[in-house]
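Down below is the structure, laid out as structure tokens.
The values are calculated or read from the model by the stated rules, or taken from the named source; none is laboratory data. Please read these numbers as outputs of a predicted model, since none were measured by experiment. Reconstructed Cβ throughout: ideal geometry from the backbone, glycine too, with neighbour counts over all protein chains shown. For accessibility, only protein heavy atoms count, side chains too; no ligands or nucleic acids. Shrake-Rupley method; radii C 1.70, N 1.55, O 1.52, S 1.80 Å.
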Amino acid sequence: MADPRAESEPLLSRARGGSGRDCPAGSPACRGVPVGPGAEARRALRFDQAVVFIEDAIQYRSIHHRVDASSLRLYRWYYSDVCQWVLSLTIFLILSLAFIETPSSLTSTSDVRYRSAPWDPPCGLTEGVEVLCLLVFVADVTVKPLRIRRLLRPFFLMQNSSMMKKTLKCVRRSLPEMASVLLLLALHLCVFTMFGMLLFTREKQDDGQDRERLTYFRNLPQALTSLLVLLTTANNPDVMIPAYSKNRAYAIFFIVFTLIGSLFLMNLLTAIIYNQFRGYLMKSLQTSLLRRRLGTRAAYEVLSSLTAEEEAHPQRVGVKPQDFLQVLQKVQLDSSHKQAIVEEVRSYGDDVLSADEFQKFFHEFDRRVIKEPPPQPEYRSPFLRSAQFLFGHRYFDYLGNLVALGNLMSICAFLVKDADVLPADRDDFVLGILNCVFILYYLLEMLLKVFALGLWGYLFFPSNVFDGLLTVVLLVLEISTLAVYRFPHPGWRPETLGLLSLWDMARLVNMLIVFRFLRVIPSMKLMAVVASTILDLIKNMRAFGGILVVVYYVFAIIGISLFRGVVVAPGNSSLAPANSSAPCGSFEQLEYWANNFDDFAAALITLWNVMVVNNWQVFLDAYRRYAGPWSKVYFVLWWLVSSVIWVSLFLALILENFLHKWDRRSHLQSLAGAPEVPYQMTVELLFRDDLEEPTEEELVEKLRHHPHLRLGR
């Protein structure tokens with residue numbers, strides 16, 4: 001059994017048999033490490049190693065990389081803000097090429113009846129941009145192939161996000177469990193398809209049973225498609241009406257199918273995706289937590305070895321605060337968290353820091369630092385101090401919200417009043433006067449708050465920044481409106497020039513005042529939980545949104561390759577009947593001509609409309625007629641990937657986030673007077689309560705097997 005006292009000592013110390021260096025001189029593991037007589041070189045290397053290990057911990061990166069001086073410089077350069085910004089910009093640029101390269105999306109409409117000839121980029125323009133982007137990617141990772149084309153561009157987006165790779169790995173490992181339910185779903189579809197074709201056989205002309213067969217159960221592919229769409233309830237109750245009108249007993253068939261398929265099997269599939277995703281994601285996040293703890297422990301071991309070398313008394317084991325502060329100044333960390341850690345370190349004085357104390361400092365990474373607002377200006381006059389108290393009070397904000405409510409009510413009242421009046425016959429005299437009054441109040445409110453809080457104090461609060469920007473925009477629009485259309489008078493109606501007049505723009509921007517009322521949400525506990533859940537989702541949707549972007553991109557490119565040009569405007573193809581002769585509810589009768597795959601932007605919108613699944617049977621039928629029956633495979637695969645799998649993942653994230661917030665709120669309410677520590681809600685912290693902290697023995701064992709550090713045994 002290991003000696004506990006020995007485990008608390010640094011792995012690099014002389015007390016553990018270490019030499020005070022990474023490894024013995026000449027060892028392959030230490031190739032490139034300066035081992036000269038100068039102690040300053042070793043000290044500088046130790047500091048650089050500690051800096052990189054701490055940055056690895058912050059970003060949940062692995063520490064199993066080279067730690068010699070030149071490798072550390074290259075490593076930090078690659079992960080610098082500038083390098084990562086260039087890489088992200090390159091990824092954005094190469095993904096954006098799909099909008100301008102042939103077929104170009106640079107047209108005002110995607111409707112095949114009205115679309116003008118798209119812009120054709122000069123030869124070599126998009127190819128040259130792509131070559132430049134690929135050169136950056138070659139520098140990023142040389143093992144990737146050079147001949148990467150449009151379909152593989154999203155790969156660069158995914159490989160640049162560790163959370164996206166974790167999520168994709170979780171989806172891949174969940175596929176076997178999903179396949180079992182999908183098999184049951186397919187069996188359910190096949191059984192009911194055969195029942196339906198036997199049930200709706202042809203007997204008499206023009207009866208409900210015959211109309212059901214001709215419309216939805218004519219043949220096996222059509223019957224299978226009808227029931228597949230019914231799983232999403234997109235064609236309910238249309239698919240049932242012909243037979244139900246003949247005999248109400250036919251409704252039992254469709255109700256039983258919907259109960260088993262939509263309400264049981266589909267929800268079971270969602271539950272399995274949620275459960276498996278949560279399990280695999282927790283395993284992945286457990287690894288991330290180990291990486292963070294391992295990075296901070298490696299930094300501790302490196303710095304404590306310096307203490308062991310420099311101290312005359314080897315029993316003093318730990319990290320000197322001054323060494324830690326010197327390292328912390330080089331770490332890439334936001335200033336607020338860095339300042340919080342510095343203040344805590346300084347409170348320890350000159351005592352060396354133990355491993356536990358060193359680890360506790362890095363809990364600040366997860367906390368939301370609360371900044372203090374700048375001091376208010378000091379006025380000598382009692383009258384000005386009273387005015388400052390009055391206009392800086394929260395009741396003054398309540399008054400502003402009340403005025404904003406009156407503004408919105410006036411706009412709504414005139415919208416209702418003028419709903420049946422032609423634009424040329426409207427009189428905006430009263431509304432124009434009211435708009436001037438409200439804007440003047442907003443301007444006065446902004447100036448009084450600046451007087452009470454000071455300029456920097458006013459800008460400190462995001463709500464004031466929003467109000468101020470909105471007020472400035474409204475003021476500019478109002479001055480422009482008065483300059484162009486003169487002051488409001490009876491019969492005043494600003495003329496529309498272009499898409500919107502200045503007056504219409506002012507009214508539209510004025511509606512943004514409604515966001516002022518979102519500030520009352522924190523005062524309502526349940527609504528505050530819901531609102532904070534939504535905000536945290538928005539902050540942490542990069543991984544899930546990134547996967548959806550990748551899926552959209554790949555399916556859009558495939559759709560362009562398969563269906564470009566198959567939808568042709570009526571009159572140019574015998575397959576496209578005129579609107580007057582098209583069947584009711586068809587692609588042509590509904591005028592869905594803008595939903596096509598003739599360019600990248602149009603393909604994205606078409607995929608979105610299918611993802612929503614409302615009326616997606618119209619797309620299945622149209623592309624079956626225009627491109628062939630196998631086109632259904634493409635749309636069904638898109639429905640499975642987007643509407644079933646991705647939406648289930650999104651639901652899992654919503655549930656975990658909300659339940660975490662709700663449980664934390666309930667726990668805090670049960671603790672009388674317990675202060676709530678504000679934490680940033682990241683995906684990693686979402687599962688933190690369910691993760692296990694790595695043990696001391698586990699961390700030490702991992703460090704001993706570092707491929708580029710020979711630590712003392």
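Rounded to the nearest percent, how much of the accessible area of region 228-291 (1.4 Å probe, protein heavy atoms only) is carbon and sulfur? Kindly include the intermediate steps, with their values, before the conclusion.
Working: 1820 of 3000 Å².
Carbon and sulfur together cover 61 percent of it.
Provide the packing ranking of 589-600, 348-359, i.e. peptides ordered by the mean count of other C-beta atoms within 10 Å per residue, highest first. Kindly include the intermediate steps, with their values, before the conclusion.
Numbers: 589-600: 20.7, 348-359: 15.2.
Ranking, from highest mean packing down: 589-600, 348-359.
Once you put a point 7 Å from the Cα of Thr233 and another 7 Å from the Cα of Val476, both along the Cβ direction, what distance in nm separates them?
4.6
Using the basic label-point model (7 angstrom from Cα toward the beta carbon), what is the Ile605 to Ile252 distance in nanometres?
Taking the simple label geometry, Ile605 and Ile252 are separated by 4.7 nm.
Classify region 357-461 as rounded, prolate or oblate from the Cα gyration tensor: take a ≥ b ≥ c as the square roots of its eigenvalues, call it rounded if a/c is under 1.5, otherwise prolate when a/b beats b/c and oblate if not. Please list the in-between numbers first.
Details: a/c = 4.20, a/b = 1.78, b/c = 2.36.
Cα axes put region 357-461 in the oblate bin.
Nearest 0.05, what FRET efficiency do Glu692 and Arg426 give at R0 = 51 Å with Cβ-Cβ as r?
0.15
Could you state the accessible area per residue of region 317-435 in Å², with a 1.4 Å probe and every protein chain left in place? Before the final figure, lay out the partial values.
Numbers: 7280 Å² over 119 residues.
Accessible area per residue: 61 Å².
Please turn the phi angles of region 605-615 into ³J(HN,Hα) values with the Karplus equation 6.51 cos²θ - 1.76 cosθ + 1.60 (θ = phi - 60°), one per residue in order, whole Hz, x for glycine and proline.
The phi angles translate into 5, 4, 5, 5, 5, 6, 4, 5, 6, 6, 6 Hz.
Want the number for Asn614 to Phe383: 0.36 nm per residue separation, take away the alpha-carbon distance, what's left?
On the way: separation 231, 0.36 × 231 = 83.16 nm, distance 6.35 nm.
The Asn614-Phe383 span can extend by a further 76.8 nm.
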